[in-house]
1. Being buried (at least 24 other Cβ atoms within 10 Å of the Cβ) and assigned to a strand (DSSP E or B) is the filter here; which residues of the stretch 112-138 pass it?
2. Answer with yes or no whether residue 62 is farther than 30 Å from residue 239 by Cα, at pLDDT 95 or above and buried (at least 21 other Cβ atoms within 10 Å of the Cβ).
3. Do you know which of the residues in the stretch 126-167 that are among the polar types (S, T, N, Q) and in contact (Cβ under 8 Å) with a residue 12 or more places away in the chain is nearest to residue 87 (Cα to Cα)?
4. Go through the stretch 180-192 and report how many residues are closer than 12 Å to residue 102 by Cα and in contact (Cβ under 8 Å) with a residue 60 or more places away in the chain.
5. Please enumerate the residues belonging to the stretch 96-145 that are in contact with a Cys (Cβ under 8 Å, 6 or more places away or on another chain), within 26 Å of residue 193 (Cα to Cα) and of a type outside the set (Gly, Ala, Ser).
6. Which ranges mark the helices (runs of 4 or more DSSP H) fully within the stretch 200-257 that have 1 or more residues being surrounded by 17 or more Cβ atoms within 10 Å (Cβ to Cβ) and among the β-branched types (Val, Ile, Thr)?
7. Here are 186, 204, 191: which of them is touching a Leu at 6+ places or on another chain (Cβ under 6 Å) and more than 26 Å from residue 65 (Cα to Cα)?
Amino acid sequence: MTHEIEIRRDGGVQTIRINRPEKKNALTFPMYEAMERALIEGDTDAAVTAHIFLGAPGIFSAGNDIKDFLARSTSGGLPSRTTAFIRRLPVVKKPMIAAVDGPAVGIGTTMLFHCDLVYASPAAVLQTPFLDLGIVPEAASSLLAPQRMGYARAFELLCLGEAFNAERALAAGIVNAIVPAGELEAHARKAARRLAAKPPEALAAARRLMRGDPAAILAQMEQEIALFAERLQSAEAKEAFTAFLEKRAPDFAKLKR
C-alpha cells in the first residue's frame, strides 16, 4: 500500500485522500491500486456508510503520471491496476463524495461523474486534455459527460479540452455546490454524516434505482480501454508525451511528413 494514498475511517465515513502534492497529486499505478482496494474493503465493511475522495490543499489531482504513460506507450496497453480502479467506480455500492480544491485533470475530472455528491472550492478547475495527449476519454466519460452536461458542453470538455471553473462545473451539473476552500472538507463530511444517519438499506436501494444497471457504463469503459491502449502505441501519443516531458509544444504535423 502506497503512502501517497491515505485511508482513514471515522464515524462510518471512509476518506480516500490523494497525498502526493509535490507531484500535483499525479496518480501512479500503486496509487490506483490503493484506491481500488479501499473502495472494495469499504464496500464490504458494514461500518462504512460512504466514501469521500479528497486531495491536498489547492490540488485535487493532476491526473495520471505522464512518465507512467510514456513508459506504457512503449511497452503495451494500460496496466491492470489502472483499469481495475476505473472498472470499480460504477459498481461501488455505497455513496461516493468528492471535495475538489484546485485542478482536477483527466481522471481527476472523469471520476467525478461516478460520485453521488461533488463539492468544489472557488479555485476548482476541471480539465480533460486527452486529445492533446493523442489519447481518448476514459472512465466512461464519453458516455456520462454527454448525459450529464449535454453533447455541446461535453464536447468542449472532452475534445476541445476546455477548462471548466467551479461556476461552469456547477452550471453543467457536475458539481453540487461551491464551498470556500477552508470549509470544503468539513462540508463533505457533514453530507457524509447526513447519509450515515439514513436507513442504510433504503439508502442503498434508492441509490441503485437512481444509478440503474451499470452494464452500459461498463461496456462503454471496455470500448474506451481498448481504444486508449491502442492510442498509447500511436505516434501521436508518443510525440505528445515526449513534448510534455521536454516542456515544448507537440509537432503533430511532422508525423504526416
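1. Those that are buried (at least 24 other Cβ atoms within 10 Å of the Cβ) and assigned to a strand (DSSP E or B): 118, 119, 120, 126.
2. no
3. My answer is 141.
4. 2
5. Hits for the stretch 96-145 are 96, 97.
6. In the stretch 200-257, 215-232 are the helices (runs of 4 or more DSSP H) which contain 1 or more residues that are surrounded by 17 or more Cβ atoms within 10 Å (Cβ to Cβ) and among the β-branched types (Val, Ile, Thr).
7. Sole residue among the options that is touching a Leu at 6+ places or on another chain (Cβ under 6 Å) and more than 26 Å from residue 65 (Cα to Cα): 191.
Matching residues to (1) buried (at least 18 other Cβ atoms within 10 Å of the Cβ); (2) out of contact with any His (no Cβ under 6 Å at 6 or more places or on another chain); (3) basic (Lys, Arg):
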{"position": "21", "(1), (2), (3)": "no, yes, no"}
{"position": "49", "(1), (2), (3)": "yes, yes, no"}
{"position": "96", "(1), (2), (3)": "yes, no, no"}
{"position": "106", "(1), (2), (3)": "yes, yes, no"}
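The values are calculated or read from the model by the stated rules, or taken from the named source; none is laboratory data. Keep in mind the model is a prediction, meaning the values are calculated, not measured. Using ideal geometry, Cβ is built from the backbone for each residue, glycine included, and neighbour counts are taken over all protein chains shown.
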